[in-house]
Amino acid sequence: MVKDGTRVYVIPLAKLDYAEAQDDYVALSTEGKKHLKQQTISSLESALDPQRFLRIHRSYIVNLEKVAKIEPYSKDQYVVVLASGQQLPVSRSGYGRLRAFLDQKTQADPPR
């Protein structure tokens, strides 16, 4: 839930594209809009399902269901491209976690 003045928005997790750290706040991006919530990205990360959300950078948590592809950005750097076309940076450790998750998922769901 996110407060905006007197309004309170309920953002279903399935509609959350990604979260971005902004000091002591997180910007929750959903359907092309951003909602600011006073919470640290670390506390948000611990509250989210690790099978659906992954921290790919110290400032970004992505909804894995929204990831369309991973592209090289420069030597040793990658970006995640979401289904919406939005690009998010991936840190080296985030890339390792993302690869491990995708490898694990590939082993769990072999092609038919």
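For the range 49-59, which positions are open to solvent by less than 20 Å² (accessible area, probe 1.4 Å) and either over 9 Å from the mean Cα position of the chain (by Cα) or not β-branched (Val, Ile, Thr) (or both)? Show your work before the answer.
Within the range 49-59, the first condition is being open to solvent by less than 20 Å² (accessible area, probe 1.4 Å), and the residues that meet it are 53, 56.
Passing the criteria: only 53.
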- Message: Residues that are at pLDDT 95 or above and charged (D, E, K, R), at least 2 per element: which strands (runs of 3 or more DSSP E) completely within the range 1-110 meet that?
- Response: 16-22
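Can you tell me which residues in the range 1-19 are touching a Ser or Thr at 6+ places or on another chain (Cβ under 6 Å) and either closer than 15 Å to residue 55 by Cβ or of a type in the set (Gly, Ala, Ser) (or both)? Give the steps one after another, and end with the answer.
So the first thing to find is which residues in the range 1-19 are touching a Ser or Thr at 6+ places or on another chain (Cβ under 6 Å), and the list is 11, 15-18.
The answer is 16, 17, 18.
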- Considering residues of the range 1-44 that are touching a helix residue (DSSP H, G or I) at 6+ places or on another chain (Cβ under 7 Å) and not hydroxyl-bearing (Ser, Thr, Tyr) only, the residue surrounded by the fewest Cβ atoms within 10 Å (Cβ to Cβ): 31
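The values are calculated or read from the model by the stated rules, or taken from the named source; none is laboratory data. Owing to the predicted nature of the structure, the values given are computational and were not obtained by experimental measurement. So basically every Cβ, Gly included, is an ideal-geometry build from the backbone, and we count neighbours across all protein chains shown. In case anyone asks, the SASA skips ligands and DNA or RNA and just uses the protein heavy atoms, side chains included. Shrake-Rupley method; radii C 1.70, N 1.55, O 1.52, S 1.80 Å.
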